[in-house]
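To keep things clear, I will list the structure first and then write my remarks on it.
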Protein chains: 2
Amino acid sequence: MNIETNPVETVIAALREFLGERLSTNASIREQHAKGEDANPPVLPDAVAFVEKTEEVSRVLRLCNTHGVPVVPFGAGTSLEGHVVPVRKGISLDLSRMNAILEVNAEDMDCLVEPGVSRHQLNDYLRDQGLFFPVDPGAHCSLGGMVATRASGTNAVRYGTMKEATLGLEVVLADGRVIQTGGRTRKAANGYDLTRLFVGSEGTLGVVTKIRLRLHGIPEATSAAVCQFDSLAAAVETTIMVMQAGIPVARIELADADQMRASIAYSKLDFQPQPTLFLEFHGSPAGVKEQAEAVEAIAADMGGKGFAWAHDAEARNKLWKARHDAWWAANALYPGCRGITTDVCVPISKLAEAIVGAKEDAVAMGQNTCIVGHVGDGNFHCVILFPEGDPKGLERAWELDRKIVARGLALGGTCSGEHGVGLGKREFLAQEHGQDVLDVMLSLKATLDPKGILNPGKMFPGN
Amino acid sequence: MNIETNPVETVIAALREFLGERLSTNASIREQHAKGEDANPPVLPDAVAFVEKTEEVSRVLRLCNTHGVPVVPFGAGTSLEGHVVPVRKGISLDLSRMNAILEVNAEDMDCLVEPGVSRHQLNDYLRDQGLFFPVDPGAHCSLGGMVATRASGTNAVRYGTMKEATLGLEVVLADGRVIQTGGRTRKAANGYDLTRLFVGSEGTLGVVTKIRLRLHGIPEATSAAVCQFDSLAAAVETTIMVMQAGIPVARIELADADQMRASIAYSKLDFQPQPTLFLEFHGSPAGVKEQAEAVEAIAADMGGKGFAWAHDAEARNKLWKARHDAWWAANALYPGCRGITTDVCVPISKLAEAIVGAKEDAVAMGQNTCIVGHVGDGNFHCVILFPEGDPKGLERAWELDRKIVARGLALGGTCSGEHGVGLGKREFLAQEHGQDVLDVMLSLKATLDPKGILNPGKMFPGN
């Protein structure tokens, strides 16, 4: 047997030479790297490479590029769109051990971290310095994964997404070259914005090995509140009015009655199973009070029932923990069921139509759903529940997903506000962007990854 | 004579067919398109094409691409870095007649404009709806030019730059294809961020024909103030402390004593020729008061002499008009002299060192300079004055420019915060980014503009 006819074996042998035990073909390790938190069928990688530094990433990519072997970056494995599934097999590149916080420049409010650092880890580290990193998806995700998917979450309405938060990157290209993009300044007009090209590229253009992030001062005052409504429309309309009034809420999150039912059960919340807004205000004590009063007045006009305040940190943490556990709560609502989730984002003026329409579609199909939303950004997730392991149930769930996305696109929205395209949203991309845009994206992909080794099968239809 | 041996003549003849009088080879028209506001030697284009719609831009590019004729987009001609100089001649593509405001969606706070719309025109149009567009360079520039250079200006410290302000674009590619990037949502994770790739690409990757911009509500309360200091260092240190305290100033602008001397003369200002901060606060009446008091306390600690308040719109407008005229004021300070300008941006903690060092270098060289700065972003301009038409004077000015940039880069900064690379900053790019990064940028350029017809000779050294 000519070993060159089996490029994967060649690569594995070469990787083992410099990674030793950190190159694993163990079955259970491969199983752990076969899927994320989504419902896509798992695929085992041929091997898992646990890298610890940039030079190793560079060597792995150079080798895989030479031999045409796929590389799928893996962080915390919390993707909801199949990003980490090695659909063409090859090497799962586990970056979780690259989890050092390399620099914190408190006076410039920036930091430099490795991609395996989690947002929890970073915020625990920063707290003593009066700083925080605001981008806050629900999951226990890695910052590398958040860069890859252009993640956002509850605080984005005030502080922006990973697009705004990322000042610069170290990226290993497909051929092993290591480049530094961006820099430490708040702004620059110094050539093409490579940082933004890699943010949201889902591991298809390069592997991120260092991330420079913009930080924020912990606000002097923080206050959270919960307001419940009789109808989904009233909760959404309240959000629209708050945003249009320009009130700088730090968080404004929606849960529909079904999601509340799930979260009350899962997180032991003391609320009614009704459409609910979760709010947070940041600023000076006077500023927070002013914002809260303005929102309370709007909510009252829309029939919102009282504000339940969570002034102290413990009560707030319980509230946001419940919000962050919404995905798991929804998945636990019906025994034997699990969910897929939509990620539609629309212009704020279309939000009521998009959300109420999604719920109506679900009801018409007799499909159980829970809706949560980063509604200040026009983004919501409809978790569609189906009997686990039932292919017909999954197909029906996808059918509802397609309806909800189609309405979102018709309203000037996007199929993905924050989860990324991955496997799950590929089919919508041509419809959303048009073929010429896809062609441009594919030409960039071909330029930076001519052999197509980087996370193949993702993002593009038919890729 | 074989007409195919003269591609420019071929293109001009073909353009005239569908543009008629709007294709001009008139000498004075060509002279008007030979330079911006910078000191680079003018170069006459072979012809100027005044386009009025996207389809015309597409036809121009398709023709020029077929025949390998350079195309240099031209908006308001206010570039400070030679962007509009047709150094390889060819067609100057004048987009100033594409100046329609196509949509304003007040409820979503976005708008769609053509590239020839100026920021003044847009803000005049928006005022009645309680909205404004914050990005605010001094010049009477076009929004297309602002996209091209990733412009920012005085409000960027609070509202961000064109990077944050641009939601989406219509772009004509070198081969005439028309693509739509981005969208109307506040966020998206739906493929590569093509919008950010074109923002700041300086006309080298495509020609922008429509721009979707994010708008903001006119703040309930606005207040401006001026504070003067005995030393440049004290003014800069005050800025640093304001930023580190997280006070959300809308504007914090520096003028050094020489710039104040120039502006007092040019704009009839009633201040002393001393280092000065110009400030503006946006928010609720209480919020503005709170911010202003906090800044006033910091300034007083640093020896700042009293706050001169400009509460009413007329006084504020006079102040900001003077700030916007700083470039012209500096150029008028010494009869027979004109200026070139640096555009260094550094991390805020390094700002005092960068600015004070720049002034010391200037003094040591006996070079007249005026310094202004968007100091909240760590960005400052040192206007270096030299006798107009004196090549040795210009060479000495460039020498000082190089010193100031070198210090900025050594402090972790960039050669350009907002003016772009153009002709003037090309030489710094390899030093700032490294050759691998330049190679990646050049590979993207080659992918989207394989024949190199789009604004050739700009951005890249030796390009």
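Taking the criterion of being within 21 Å of A:Ala156 (Cβ to Cβ) and either in contact with a Pro (Cβ under 7 Å, 6 or more places away or on another chain) or part of a helix (DSSP H, G or I) (or both), the residues of region A:258-297 that qualify are A:Gln259, A:Ser263, A:His282, A:Gly283, A:Gly287, A:Val288, A:Gln291, A:Ala292, A:Ala294, A:Val295.
A:Leu400 - would you say it is of a type outside the set (Gly, Ala, Ser), within 19 Å of A:Ala354 (Cβ to Cβ), outside the structural domain of A:Gly153 (by TED's automatic domain parsing) and over 21 Å from the mean Cα position of the chain (by Cα)? Criteria met by A:Leu400.
Annotation note: Cβ proximity below 6 Å between a residue of region A:406-432 that is more than 7 Å from every other protein chain (Cβ to nearest Cβ) and a residue that is among the basic types (Lys, Arg) (sequence gap 6+ or interchain) occurs for A:Leu411/A:Lys350; A:Gly422/A:Lys458.
Looking at B:Arg59, B:Arg30, B:Arg88 in this structure, which one is touching a residue at least 60 places away in the same chain (Cβ under 8 Å), closer than 30 Å to B:Ala165 by Cα and basic (Lys, Arg)?
The unique qualifying residue is B:Arg59.
For region A:362-379, a tally of residues being closer than 15 Å to A:Val157 by Cα and in contact with a Cys (Cβ under 8 Å, 6 or more places away or on another chain) returns 3.
With the condition kept exactly as written, say whether any residue in region B:291-308 is within 19 Å of B:Ile240 (Cα to Cα), in contact with a Phe, Trp or Tyr (Cβ under 9 Å, 6 or more places away or on another chain), free of Cβ contacts under 8 Å to residues at least 60 places away in the same chain and within 13 Å of chain A (Cβ to nearest Cβ). Scanning region B:291-308, I find at least one residue that is within 19 Å of B:Ile240 (Cα to Cα), in contact with a Phe, Trp or Tyr (Cβ under 9 Å, 6 or more places away or on another chain), free of Cβ contacts under 8 Å to residues at least 60 places away in the same chain and within 13 Å of chain A (Cβ to nearest Cβ), so the answer is yes.
Taking the conditions exactly as written (at the interface with another protein chain (Cβ under 9 Å from one of its Cβ atoms) and out of contact with any His (no Cβ under 8 Å at 6 or more places or on another chain)), does B:Leu205 satisfy them or not? Please lay out each step first, then the result.
Working: at the interface with another protein chain (Cβ under 9 Å from one of its Cβ atoms): yes; out of contact with any His (no Cβ under 8 Å at 6 or more places or on another chain): yes.
Yes.
Against the conditions (1) of a type in the set (Phe, Trp, Tyr); (2) touching a His at 6+ places or on another chain (Cβ under 6 Å); (3) under 28 Å from B:Lys187 (Cα atoms), B:Tyr125 satisfies every one except (2). For region A:56-77, does any single residue satisfy the condition of being of a type in the set (D, E, K, R) and within 15 Å of the chain's Cα centre (by Cα)? Within region A:56-77, not a single residue is of a type in the set (D, E, K, R) and within 15 Å of the chain's Cα centre (by Cα). Checking the stated criteria, B:Glu107 turns out to be in contact with a helix residue (DSSP H, G or I) (Cβ under 7 Å, 6 or more places away or on another chain) and without any contact (Cβ under 8 Å) to a residue 24 or more places away in the chain.
Residues in region B:334-378 that are in a loop (DSSP other than H, G, I, E, B) and either basic (Lys, Arg) or surrounded by fewer than 20 Cβ atoms within 10 Å (Cβ to Cβ) (or both): B:Tyr334, B:Pro335, B:Gly336, B:Gly366, B:Gln367, B:Asn368. Of the set (1) assigned to a loop (DSSP other than H, G, I, E, B); (2) under 22 Å from the mean Cα position of the chain (by Cα); (3) modelled with pLDDT under 95, all apply to B:Leu423 but (3). Answer yes or no as to whether B:Lys392 is charged (D, E, K, R), crowded, with 17+ Cβ neighbours inside 10 Å, not assigned by TED's automatic domain parsing to the domain that holds B:Ser79 and not in a loop (DSSP other than H, G, I, E, B). No. Within region A:377-397, residues that are over 27 Å from A:Leu411 (Cα atoms) reach partners that are crowded, with 24+ Cβ neighbours inside 10 Å and among the aromatic types (Phe, Trp, Tyr) with beta carbons closer than 7 Å, at six or more positions or on different chains, in the pairs A:Gly393/A:Phe386. Got at least one residue in region B:443-457 being touching a helix residue (DSSP H, G or I) at 6+ places or on another chain (Cβ under 9 Å), surrounded by fewer than 19 Cβ atoms within 10 Å (Cβ to Cβ), of a type in the set (D, E, K, R) and within 13 Å of another protein chain (Cβ to nearest Cβ)? No, region B:443-457 contains no residue that is touching a helix residue (DSSP H, G or I) at 6+ places or on another chain (Cβ under 9 Å), surrounded by fewer than 19 Cβ atoms within 10 Å (Cβ to Cβ), of a type in the set (D, E, K, R) and within 13 Å of another protein chain (Cβ to nearest Cβ).
Filter region A:111-132 for residues that are within 14 Å of chain B (Cβ to nearest Cβ) and crowded, with 23+ Cβ neighbours inside 10 Å and give the result. If the condition is that a residue be within 14 Å of chain B (Cβ to nearest Cβ) and crowded, with 23+ Cβ neighbours inside 10 Å, then A:Cys111 is the only one that fits. The residues listed here are B:Arg184, B:Arg196; of these, the one that is buried (at least 24 other Cβ atoms within 10 Å of the Cβ), within 11 Å of another protein chain (Cβ to nearest Cβ), over 17 Å from the mean Cα position of the chain (by Cα) and among the basic types (Lys, Arg) is B:Arg184. Applying the criterion of being in contact with a Leu (Cβ under 6 Å, 6 or more places away or on another chain) and among the aliphatic types (A, V, I, L, M) to the residues of region B:312-349, the residue that is nearest to B:Gln244 (Cα to Cα) is B:Val346.
Of all the listed residues (A:Gln259, A:Gln274), the sole one being away from chain B (no Cβ under 14 Å), under 30 Å from A:Val147 (Cβ atoms) and among the polar types (S, T, N, Q) is A:Gln259. When region A:210-252 is limited to residues that are within 14 Å of chain B (Cβ to nearest Cβ) and of a type in the set (Ser, Thr, Tyr), the one that is farthest from A:Leu454 (Cα to Cα) turns out to be A:Thr222.
The values are calculated or read from the model by the stated rules, or taken from the named source; none is laboratory data. Note that this is a predicted model, so its numbers are computed, not measured. Note that we place each Cβ from the backbone using ideal geometry, even for glycine, and neighbour counts take in every protein chain shown.
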